[in-house]
């Protein structure tokens, strides 16, 4: 059993409320297996950044915004800050790969999609994260009246969506668990 002080409980409740707000607005509701790679990468990238930011806030500033007043700091810098304060290397590597792909879309005007090799790399990086959450091959998307799993499709848009969802699940679970464990202690 874990316990926490009143202050720690309030901090965790505030953090959990922020995650709930993200679920309520459901920023991925219009992202599907038919969405272009660019849209998928950018939408997930924004959510990954949000989660990393909230995690950093809880790790170093008791939940208060670390980046207030310096909103122009980019994902790359936030990711390295997170790595330097304890973000597991597997999560860092997966998010860094997604950031690299996002940057390619932002700076190569002719880039329209990610290769199957790159998608497979994102999926493998997500699966390498030791945290609860779905494995790439176990996830599925509902298409045309049925669930399609990664092993059942060669559609790169579907595969990218599943890889990004695998990473999102692992990242969200890591952030939630880590903040919870840092705002509570084992009852002796």
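Assess whether residue 161 counts as being in contact with a strand residue (DSSP E or B) (Cβ under 7 Å, 6 or more places away or on another chain), surrounded by 14 or more Cβ atoms within 10 Å (Cβ to Cβ) and either at pLDDT 95 or above or in a helix (DSSP H, G or I) (or both). So residue 161 fits the description; yes. Scanning the range 32-41 for residues that are buried (at least 17 other Cβ atoms within 10 Å of the Cβ) and assigned to a helix (DSSP H, G or I) returns 37, 38, 40, 41. When the criteria are applied in full, residue 98 fails the requirement of being touching a helix residue (DSSP H, G or I) at 6+ places or on another chain (Cβ under 7 Å), modelled with pLDDT under 90 and either on the phi < 0 side of the Ramachandran plot or part of a helix (DSSP H, G or I) (or both). Taking the criterion of being surrounded by fewer than 16 Cβ atoms within 10 Å (Cβ to Cβ) and at pLDDT 95 or above, the residues of the range 51-84 that qualify are 76, 77, 80, 84.
Going by the structure shown, is residue 59 closer than 30 Å to residue 183 by Cα, part of a helix (DSSP H, G or I) and touching a residue at least 60 places away in the same chain (Cβ under 8 Å)? Yes, satisfied. Confirm whether residue 121 is closer than 19 Å to residue 95 by Cα and either free of Cβ contacts under 8 Å to residues at least 60 places away in the same chain or crowded, with 21+ Cβ neighbours inside 10 Å (or both). Against the criterion (closer than 19 Å to residue 95 by Cα and either free of Cβ contacts under 8 Å to residues at least 60 places away in the same chain or crowded, with 21+ Cβ neighbours inside 10 Å (or both)), residue 121 qualifies. Here residue 16 meets each of (1) farther than 22 Å from residue 132 by Cβ; (2) under 16 Å from the mean Cα position of the chain (by Cα); (3) in contact (Cβ under 8 Å) with a residue 40 or more places away in the chain with one exception, condition (1). Here the range 1-13 is the region considered, the condition is being surrounded by 11 or more Cβ atoms within 10 Å (Cβ to Cβ) and without any contact (Cβ under 8 Å) to a residue 40 or more places away in the chain, and the residue that is nearest to the chain's Cα centre (by Cα) is 13. With (1) assigned to a loop (DSSP other than H, G, I, E, B); (2) touching a strand residue (DSSP E or B) at 6+ places or on another chain (Cβ under 9 Å) as the list, and residue 8 as the residue in question, which single condition is left unmet? Unmet for residue 8, out of (1) assigned to a loop (DSSP other than H, G, I, E, B); (2) touching a strand residue (DSSP E or B) at 6+ places or on another chain (Cβ under 9 Å): (1). Please verify whether residue 151 is over 23 Å from residue 115 (Cα atoms) and touching a helix residue (DSSP H, G or I) at 6+ places or on another chain (Cβ under 8 Å), treating the condition exactly as stated. It is false that residue 151 is over 23 Å from residue 115 (Cα atoms) and touching a helix residue (DSSP H, G or I) at 6+ places or on another chain (Cβ under 8 Å).
When the range 101-130 is limited to residues that are outside any helix (DSSP H, G or I) and over 19 Å from the mean Cα position of the chain (by Cα), the one that is nearest to residue 150 (Cα to Cα) turns out to be 115. Residue 141 falls short of the stated requirement of being assigned to a strand (DSSP E or B), free of Cβ contacts under 8 Å to residues at least 60 places away in the same chain and either in contact with a strand residue (DSSP E or B) (Cβ under 7 Å, 6 or more places away or on another chain) or loosely packed, with under 14 Cβ neighbours inside 10 Å (or both).
Residues checked against (1) surrounded by fewer than 19 Cβ atoms within 10 Å (Cβ to Cβ); (2) in contact (Cβ under 8 Å) with a residue 24 or more places away in the chain; (3) touching a helix residue (DSSP H, G or I) at 6+ places or on another chain (Cβ under 6 Å):
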position: 102; (1), (2), (3): no, yes, yes
position: 109; (1), (2), (3): yes, no, no
position: 116; (1), (2), (3): yes, yes, yes
position: 132; (1), (2), (3): yes, yes, yes
position: 137; (1), (2), (3): yes, no, yes
position: 171; (1), (2), (3): no, yes, yes
position: 179; (1), (2), (3): no, yes, yes
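The values are calculated or read from the model by the stated rules, or taken from the named source; none is laboratory data. Not measured: the values here are computed from a predicted model. Positions of Cβ are generated from backbone atoms using ideal geometry, with glycine treated the same way; all protein chains shown enter the neighbour counts.
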